[in-house]
Amino acid sequence: MSSCQLYLVSPLDVGGDFPKRLERALDAGPVAAFQFRVKDMDQHEAARLAEPLQAICAARDVAFIVNDSIALAKRLKADGVHLGQKDGDPREAREELGREAQIGVTCHASRHLAMEAGDAGADYVAFGAFFPSDTKDTEHSAGPELLTWWQSLFEVPCVAIGGITPDNCGPLVAAGADFLAVSGAVWNGDEVEAVNAFTRILQG
């Protein structure tokens, strides 16, 4: 039994029928966390879109993590925040969001950035991209050996991200990823089928 868990990242469009899709995805298999990721939107509008999704996650005991914005995470009383390298410091996030918040940091393919994030109190580090992704331009490429290296030295959980699908995730699970962060593989098709497929591999 793998201890690797699924971490869903939202598509950029979370309006319309997306709340229903999220419900279906979360009900399809165990999901550890959901990241709310919207771009170029004022905080008021982002908060309005986040509220129903946050309620869906709370009802299912799924952590609700806000991408990029410590201020929005604080406004929503989210379970945590995911910081890119330009989005602020984990120490600042901890001060704003409190001891219980889950703080994740994007570390690309950098051992140095990951160690810095761990030292700054991050609850998890995210490595990637492992595969080309439709969701984001891939500037940094990571290999499975990075996950194995991290696991052998550090207690802080690691997340694999970037173009991950049920067909290609096996080596990342084997290498020691604690979480698989997935977006396009779930939302670009049938979310229930996709979550089922990941679940079969993770529980294999």
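Would you mention how many residues in the stretch 55-80 are assigned to a helix (DSSP H, G or I), crowded, with 19+ Cβ neighbours inside 10 Å and among the small types (Gly, Ala, Ser)?
Going through the stretch 55-80 one residue at a time, the tally reaches 1.
Do we have any residue at all in the stretch 108-115 that's at negative phi, part of a loop (DSSP other than H, G, I, E, B) and out of contact with any Cys (no Cβ under 8 Å at 6 or more places or on another chain)?
First, pick out the residues of the stretch 108-115 that are at negative phi: 109-115.
Applying the additional criterion that residues be part of a loop (DSSP other than H, G, I, E, B) yields 109-110.
Within this subset, residues satisfying the condition of being out of contact with any Cys (no Cβ under 8 Å at 6 or more places or on another chain) are 109-110.
Checked the stretch 108-115: at least one residue is at negative phi, part of a loop (DSSP other than H, G, I, E, B) and out of contact with any Cys (no Cβ under 8 Å at 6 or more places or on another chain).
Determine, yes or no, whether Ala93 is within 25 Å of Asn188 (Cβ to Cβ) and either outside any strand (DSSP E or B) or at pLDDT 95 or above (or both). Can you show your working first?
Numbers: within 25 Å of Asn188 (Cβ to Cβ): no; either outside any strand (DSSP E or B) or at pLDDT 95 or above (or both): yes.
Answer is no for this residue.
For the stretch 57-85, which residues satisfy the criterion of being closer than 16 Å to Pro11 by Cα and of a type outside the set (Asp, Glu)? I'd like the intermediate steps shown before the answer.
Going through the stretch 57-85, the residues closer than 16 Å to Pro11 by Cα turn out to be 57, 64-68, 82.
Result: Cys57, Phe64, Ile65, Val66, Asn67, His82.
Please determine whether any residue of the stretch 35-54 is modelled with pLDDT of 95 or more, assigned to a loop (DSSP other than H, G, I, E, B) and within 16 Å of Val195 (Cβ to Cβ).
no
How many of the residues making up the stretch 160-204 are assigned to a helix (DSSP H, G or I), among the acidic types (Asp, Glu) and surrounded by 15 or more Cβ atoms within 10 Å (Cβ to Cβ)? Outline the logic, then answer.
Pass one, the stretch 160-204, residues assigned to a helix (DSSP H, G or I): 170-175, 184-187, 191-202.
Those left that are additionally among the acidic types (Asp, Glu): 191, 193.
Okay, now just the ones that are also surrounded by 15 or more Cβ atoms within 10 Å (Cβ to Cβ), so 191.
Here the count works out to 1.
The values are calculated or read from the model by the stated rules, or taken from the named source; none is laboratory data. Here the structure is a predicted model, which is why all the values come from computation and not from measurement. Note: ideal-geometry Cβ built from the backbone for every residue, glycine included; neighbour counts use all protein chains shown.
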